[in-house]
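A.B. asks: Below: one structure in structure tokens.
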Amino acid sequence: MNEIFSHPGKPLKEHLKNVAEMSKYIVETTPIFFQENMPIDKNILKEISYIIGFYHDVGKATIFFQEYLKEENIEKKEKLKNKPETKHSLISAIATYLAVEELLNEKKYKFELKDFLLVSSFVIVRRHHTDLFSILDDLKFEEIQILKTQTEKFAKDYLSFIPYWDKVCSRINKFIDSWPLSKFKIYKLVSCQEGILYILFHFLFSVLIDADKSEAVVGEFIKRGDISINIIDEYKIKRGYNYSSKEIDKYRNEIHKIVISQFNHIDLYREHIFSLTAPTGSGKTLISLDFAIKLRSIVEKNMMYKPRIIYVLPFLSIIDQNAKLINEILKNFYGDSIGTDIFLIHHHLSDYNYKTVNTEYEIDESEVLIDSWASEMIITTFVQFFHTIFSNRNKAIIKFNKFLGSIVILDEIQTFPTKYWLLFERIANQISKYFNTYFILCTATQPAIFDNCRELLNKKEDFFKKFNRTQIYLNIKNPITICDLSDKILNELRSTDKSILVVLNTIKSATDLYKKVAKPLKELGYEVYYLSSYVIPLHRLERIKKIKESKNKKVVISTQLIEAGVDIDLQKVIRDLGPMDSINQVSGRANRNFDSPNIGEVEIVLLKDDIRGRFFYSYIYDPVLIDTTEELLNGKEIIYENEFLNLIDRYYNSLKKRISNDESEEYYKAIKFLDYEKIGEFKLIEEEKKLDIFIELNDYAKKIWHKFLELNKITNLFDRRKEFRKIRNEFYNFVISPSISSFKKITLIEIINGIGYISNSQLQEFYDSETGLIVEDACYII
């Protein structure tokens with residue numbers, strides 16, 4: 001063979017060299033601070049990643065793979081692809097094992113984790129095109145004859161540029177016969193390391209797949225950019241916040257000043273986990289961002305590396321809101337020339353459109369760059385973030401190396417499931433200790449996840465006393481029905497002009513209430529808005545925007561999707577009983593900005609399903625959360641905002657003693673033994689099986705659906721996916737995802753390529769323009 005290729009038109013030699021160099025660079029630029037109890041230094045990891053990069057695709061240098069790559073006939077190509085001899089990962093993995101062993105012997109490295117590094121190198125290459133399995137299962141294989149056939153058809157001379165290639169060639173056949181890892185006992189080795197080997201393996205796997213995909217698809221790494229230390233200061237000056245006469249802005253500036261002054265007292269080499277506990281509406285977004293940006297500058301100056309900033313939020317509605325704010329901040333300083341290399345929005349509905357000041361990348365290039373978080377500041381969801389740490393999926397793990405050494409803002413952290421507190425605490429402590437990763441936990445209701453958390457707002461109690469904007473009325477002694485609540489709202493609003501937010505626990509209760517009050521409220525001159533996950537995303541965002549901008553009197557009826565982080569401000573809130581942190585959060589929607597001369601009212605009611613006889617909270621909340629809340633509220637009738645902090649601390653301290661750590665322990669055991677099949681079962685949010693349904697709401701939706709159907713004409717799956725990414729964001733603006741068990745009419749709708757379809761002519765039966773998807777019984781749905 002005159003030339004050997006790794007991909008169409010790309011010489012294998014070039015690909016292997018580039019991936020090796022890129023892998024080495026990633027490790028070199030990642031802060032790794034192993035201490036005495038971890039006898040591995042950064043240099044050996046760098047060398048091993050370099051070897052893995054060189055060897056990960058050597059199996060492509062067989063006549064079998066080259067024949068497949070050069071075949072132009074589609075049918076023949078598919079047959080060649082499925083031949084066992086064409087597969088390249090296993091033979092490449094065995095060669096990698098031998099090369100890493102040669103490296104370690106040459107360097108005379110003698111430490112207890114040598115076997116772990118050899119095993120890791122083998123498995124990383126074996127699985128670099130797939131998801132990960134249990135490590136022990138991956139150490140066995142039966143394809144001995146196929147492997148020998150492949151070694152006979154290696155272009156050995158072509159690969160002579162690779163380190164240790166001659167030694168690997170001389171050993172590989174005998175080594176296959178006496179494969180040592182089939183009986184390898186990894187349990188004792190990994191179980192005593194408290195999860196750090198999982199992080200290390202996860203990191204090395206991420207390094208290879210990031211370098212491999214970036215080289216093969218993009219051809220390069222994106223050059224790192226800068227973020228000025230002053231961008232928040234400049235933004236506040238332009239908006240006039242520093243000299244505002246508003247009481248809320250004075251408090252926000254005072255809190256901001258205290259938090260930033262903490263740099264004079266923090267030991268950044270030893271302290272990595274911070275909390276920012278401040279009242280709702282106190283400007284935590286701006287403050288935490290400013291702290292992270294200034295921390296980034298200090299770290300770069302003193303530790304000689306540049307941490308990324310990862311801003312993590314639980315809900316898409318808050319992401320859209322905060323992403324808009326960050327864009328405003330960046331554009332205020334840099335103008336319109338901000339590219340995705342500086343600020344990236346990443347969630348399952350975000351655009352695959354990556355561009356820098358000088359270049360706009362193709363869809364397939366954009367996908368790699370976005371999935372690998374090739375940016376200085378990333379805003380993403382809890383699901384994306386935590387499924388990067390706890391995952392066996394190739395596509396999720398690719399960005400893990402970008403997360404290490406970063407500054408992570410976890411906003412609205414109270415929404416993180418209690419059952420995973422212990423799991424996250426253990427892994428976060430390891431990641432911060434060995435990889436210099438900083439965490440900032442932001443909320444008005446700080447959960448008791450970490451024992452070693454440094455609070456950034458000194459004397460936070462004083463500010464909770466100052467922020468006395470709201471009082472909670474507890475009306476939970478006597479249960480009421482939807483009809484009772486409807487009458488209560490209508491009677492109250494006939495004699496007042498208050499704007500009210502009503503937050504209920506289920507879609508059914510919210511829908512039923514809306515249907516009862518919408519018409520009479522509109523007749524009284526109120527704007528009435530309905531929000532739930534059964535309304536298409538396009539309309540949800542439009543409604544939230546109108547709610548925020550409208551100066552007219554209004555009533556908003558919503559599920560909990562509005563209670564945390566969404567910046568709306570109404571005079572009164574009515575909420576069905578829920579956990580204490582939810583009550584606190586929703587209180588932040590009443591008189592949020594001190595705009596009303598009267599104290600904001602929050603009324604908690606106990607809503608009962610008069611059909612089933614159950615309380616609506618029982619359909620969705622863990623009884624432990626409600627029991628703990630009811631104990632705290634017992635005997636109280638009114639709670640003032642300046643009491644919130646004490647109540648929340650008592651709530652979380654009590655909760656920590658009651659919650660079960662069984663699931664955390666189960667996943668942590670899997671982590672210690674590198675059982676990726678179990679780790680792959682991790683789900684941040686436990687949900688029933690769902691179906692995506694496209695709602696053909698109007699002519700524009702018809703055009704989008706037609707484009708979706710046109711994709712079926714593209715026979716090549718890769719090309720079809722590539723074209724879908726071009727319409728993906730627009731497409732999902734019209735998609736809702738009900739649970740299959742709740743949508744009993746599912747058998748009556750058409751399903752095309754796994755997507756449910758409700759045509760424009762079916763809207764009357766299936767979709768209401770105000771309340772969304774029509775279901776017979778959505779009682780159990782959040």
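Bear in mind these aren't lab numbers, they're just calculated from the coordinates by the rules spelled out. Remember, it's a predicted structure, so these values are computed and weren't measured experimentally. Here the Cβ is made from the backbone with ideal geometry for all residues, glycine too, and neighbour counts use every protein chain on show.
A.B. asks: Would you mind checking which residues have amide H under 5 Å from E455's amide H? H placed 1.01 Å from N; only 5 or more apart, or other chain.
C.D. replies: It is S275, by chain and number.
A.B. asks: Determine the gain in length on full extension of the stretch Y700-I237; use 0.36 nm per residue of separation and subtract their C-alpha separation, reporting nm with one decimal.
C.D. replies: Using 0.36 nm per residue and subtracting the Cα-Cα distance, I get 162.6 nm.
A.B. asks: Moving on to the next point. What pairs from K294/K460; K10/K301; K60/K140 go past 28 Å between their alpha carbons?
C.D. replies: K10/K301
A.B. asks: What fraction of the Cα pairs in segment 448-495, stated in percent, has a spacing above 14 angstrom?
C.D. replies: Cα-Cα pairs in segment 448-495 separated by more than 14 Å: 75 percent.
A.B. asks: Using a/c under 1.5 as the rounded threshold, could you call segment 592-667 rounded, prolate or oblate? The axes a ≥ b ≥ c are square roots of the C-alpha gyration tensor eigenvalues, and prolate needs a/b larger than b/c, oblate otherwise.
C.D. replies: Verdict is oblate for segment 592-667.
A.B. asks: Nearest 5 is fine: what % of DSSP beta bridges in segment 329-471 come out antiparallel, could you say?
C.D. replies: Close to 10 percent.
A.B. asks: For the pair H129 and T29, what calculated FRET efficiency results from E = 1/(1 + (r/R0)^6), where r is the Cβ-Cβ distance and R0 = 30 Å, to the nearest 0.05?
C.D. replies: Computed FRET efficiency for T29 and H129: 0.75.
A.B. asks: Moving on. In the structure shown, do any of K399/K707; K657/K683; K13/K153; K213/K399; K213/K433 have a Cα-Cα gap over 19 Å, and if so which?
C.D. replies: Table pairs above 19 Å Cα-Cα are K399/K707; K657/K683; K213/K433.
A.B. asks: Quick check: residue separation of K174 and E67 times 0.36 nm, minus the Cα distance between them. What number comes out in nm?
C.D. replies: Value of the extension gain: 35.8 nm.
A.B. asks: Something else about it: Quickly rank 280-287, 245-252 as a protection proxy: mean count of other C-beta atoms within 10 Å, highest first.
C.D. replies: 280-287, 245-252
A.B. asks: Sequence-distant or interchain residues sharing an amide H contact under 5 Å with T470, placed H: which?
C.D. replies: So T470 has HN proximity to G600, E641.
A.B. asks: About the Cα centre of segment 713-775, how large is the charge dipole given +1 on each Lys and Arg Cβ and -1 on each Asp and Glu Cβ? Please answer in debye to the nearest 20.
C.D. replies: About 440 debye.
A.B. asks: Then there's this: So what's the net charge close to R270: Lys and Arg +1, Asp and Glu -1, counting the other residues with Cβ under 14 Å from its Cβ?
C.D. replies: The answer is 0.
A.B. asks: Choose one of I363, Y434, L325: the residue whose Cα lies farthest towards the positive end of the charge dipole of the chain (beta-carbon charges +1 Lys, Arg; -1 Asp, Glu; about the Cα centre).
C.D. replies: The listed residue farthest towards the positive side: Y434.
A.B. asks: At V624 and H348, where each label point lies 7 Å from the Cα along Cα→Cβ, what is the point-to-point distance in nanometres?
C.D. replies: 2.6
A.B. asks: Here's a follow-up. Which of the listed residues, F731, S245, P279, is farthest toward the dipole's positive end in the chain, when Lys, Arg count +1 and Asp, Glu count -1 at the beta-carbon?
C.D. replies: S245
A.B. asks: Still on this structure, I have one more. Could you pull out every residue, at least 5 positions away or on a different chain, whose amide H is within less than 5 Å of the one on L570? Hs are placed 1.01 Å off N in the peptide plane, and Pro or chain starts have none.
C.D. replies: Under 5 Å from the amide H of L570: A590, N591, R592.
A.B. asks: Okay, moving on. Which of the peptides 376-385, 637-646 is most tightly packed, and how do the rest follow, going by the mean number of other Cβ atoms within 10 Å of each residue?
C.D. replies: 376-385, 637-646
A.B. asks: Explain nothing, just compute: Karplus ³J(HN,Hα) = 6.51 cos²θ - 1.76 cosθ + 1.60, θ = phi - 60°, for every residue of segment 646-654 in order, whole Hz, x for Gly and Pro.
C.D. replies: 5, 5, 5, 4, 5, 4, 6, 5, 5
A.B. asks: Using DSSP, restrict attention to beta bridges with both residues in segment 638-782 and report what percent are antiparallel, rounded to the nearest 5.
C.D. replies: For segment 638-782, the DSSP antiparallel bridge percentage is about 75.
A.B. asks: For every other residue with a beta carbon closer than 15 angstrom to the beta carbon of K460, add +1 if it is Lys or Arg and -1 if Asp or Glu, then tell me the sum.
C.D. replies: 0
A.B. asks: In addition: Could you work out the relative contact order of segment 74-171? I mean the mean sequence separation of Cα pairs under 8 Å and 6+ apart, divided by the number of residues, in percent.
C.D. replies: Once divided by the residue count of segment 74-171, the mean separation gives 39 percent.
A.B. asks: Looking at the square roots a ≥ b ≥ c of the eigenvalues of the Cα gyration tensor of segment 281-378, which shape do they give, rounded for a/c under 1.5, prolate if a/b is larger than b/c, or oblate?
C.D. replies: Oblate, because a/c is 1.5 or more while a/b does not exceed b/c.
A.B. asks: Compute the length gained on full extension between R270 and L717: take 0.36 nm times their separation in residues and subtract their Cα-Cα distance, giving the result in nm to one decimal.
C.D. replies: 156.0 nm
A.B. asks: Using alpha carbons only, how many angstrom separate the centre of segment 356-409 from the centre of segment 452-489?
C.D. replies: First find each Cα centre; the distance between them is then 37 Å.
A.B. asks: Which shape class, rounded, prolate or oblate, goes with segment 648-705 when its Cα gyration tensor gives a ≥ b ≥ c as root eigenvalues, a/c under 1.5 marks rounded, and past that a/b bigger than b/c marks prolate?
C.D. replies: Cα axes put segment 648-705 in the oblate bin.
A.B. asks: Sorted by average packing, counted as other Cβ atoms within 10 angstrom per residue and highest first, what order do 132-138, 490-496, 102-108 take?
C.D. replies: Put in order of decreasing packing, that is 132-138, 102-108, 490-496.
A.B. asks: Given a Förster distance of 41 Å, report the FRET efficiency between E710 and E688 from their Cβ-Cβ distance, rounded to the nearest 0.05.
C.D. replies: Efficiency at R0 = 41 Å is approximately 0.80.
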